[in-house]
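Data block below; observations after.
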Amino acid sequence: MTTTPDDAEARRAVKPVICYPVETLPQPDMALLTDARQDLRKTDEVLVQPRDAATFTVPAGHFFRITSVEGSQVGDLNLWNANDLNERFYSGKTRALHGTHITTGERMWSSFPGMRPMATISHDTLGWYGIDAYGGSVHDVIGTRCDPYTHNLLKGGQYHHCCHSNLTRAMAAHLGVPVQEAEPLVHDVLNVFMCTGFTRDTGQYFMKASPVRPGDYLEFFAEMDLLGALSACPGGDCSAEHSSDVAACYPLLVEVFAPKDGALDGWTPPPVNGYDRSHGV
Ligand SMILES: [Zn+2]
């Protein structure tokens, strides 16, 4: 038990400030990207099967699109620098910079020491959703990825088709290594199409049925050569539960596109972060 101080209300009434104001954050040239995406040529596609994952590669300067097909389905996305798998998507820093959910014009940032944009969202057909009455929104960077360890802790048993295991199997197959070697490469995801938030009364992570419908897509511009892995979450639209075979699940389509020659004149790949890494020594 704690004692409430006399000035408790006054302390609670202090106005918050934004931790990381982004006015000084390098901005993507959205006019250039909007123009470039008007004339795209498809170069590759991968259909991710339900309760499974697949890898794909995207050259720097290409676009990739994740599309809902057949039914409402959530996807868990991992990204790596294709030339250095140590540089990977950093969900926590992306959240600190852009907030709990990301949409058009916002970026997926990479881990230290690179800490640079890996991909910029160039179009989001769910951009209209905003923040609903429950505080929920889509494409979150607050969840982790459903995994068999948490499942075992909370419910017991062995479930092998959580996004964590799906991503692990896909990376093991791509690299030709055992799953034990691939597993440490898997990291916290961008929850594509997932509708989530935190409850206001208890602060708990919640999910609700995704508003995604077949034909909806989230499109990205690759700021570097990317290796991606996408899992079609066993939670399906995540309206009820995940980490089980109960929910209706559907495939997700990944397509890669090249822009027209000259469409990216003026674009340069983002350099690695400017910190000198001496750490005061
Ligand atoms: Zn999942």
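Values in this text are rule-based calculations from the coordinates and carry no lab data. Just so it is clear, the model here is predicted, and its values are computed rather than measured. All Cβ positions, glycine included, derive from the backbone under ideal geometry; neighbour counts span all protein chains shown.
With R₀ fixed at 41 Å, the C-beta to C-beta distance from S239 to K260 puts the FRET efficiency at about 0.50. By the scheme Lys and Arg +1, Asp and Glu -1, what is the net charge of all other residues having a beta-carbon under 10 Å from that of E45? Local charge sum for E45: 0. Convex hull volume of the Cα atoms of the range 39-259, normalised per residue: 119 Å³.
Neighbour counts of C-beta atoms inside 10 Å place F206, F221, F63, F257 in the sequence F206, F257, F63, F221, starting with the fewest. Near A232, once Lys and Arg are set to +1 and Asp and Glu to -1 for all other residues with Cβ below 12 Å from its Cβ, the sum equals -3.
Judged by the mean number of other Cβ atoms found within 10 Å, the most tightly packed of the peptides 125-138, 3-16, 236-249 leads the ranking 236-249, 125-138, 3-16. For M115 and C19, the FRET efficiency from 1/(1 + (r/R0)^6), where r spans their Cβ atoms and R0 equals 22 Å, is about 0.85.
Selection among V254, F89, G203 by position relative to the dipole of the chain gives G203 as farthest towards the positive end (Cβ unit charges, Cα centre). Note on V69 and E45: their simple-model spin labels are 0.6 nm apart, each label 7 Å out from Cα toward Cβ.
Where only DSSP H runs of four or more residues are counted, the chain gives -4000 deg cm²/dmol as its mean residue ellipticity at 222 nm, each run worth -39500 (n - 2.57).
In terms of other Cβ atoms within 10 Å, H98, H139 run from fewest to most in the order H98, H139.
Which Cα, out of Y149, G99, F220, lies furthest along the positive dipole direction of the range 39-259 (beta carbon charges, K/R +1, D/E -1)? Checking the options against the dipole of the range 39-259, the answer is G99. The fewest-to-most ranking of D39, D216 by surrounding Cβ atoms within 10 Å reads D39, D216. About the centre of its Cα atoms, the chain shows a dipole size close to 340 debye [charges on the beta carbon of Lys, Arg (+1) and Asp, Glu (-1) only; nearest 20 debye]. Pairs of Cα atoms nearer than 8 Å and 6+ residues apart set the relative contact order; for the chain it is 35 percent. Cross-link partners for K155 among the lysines, with Cα-Cα distance under 25 Å and sequence neighbours closer than 8 places in the same chain left out: K208.
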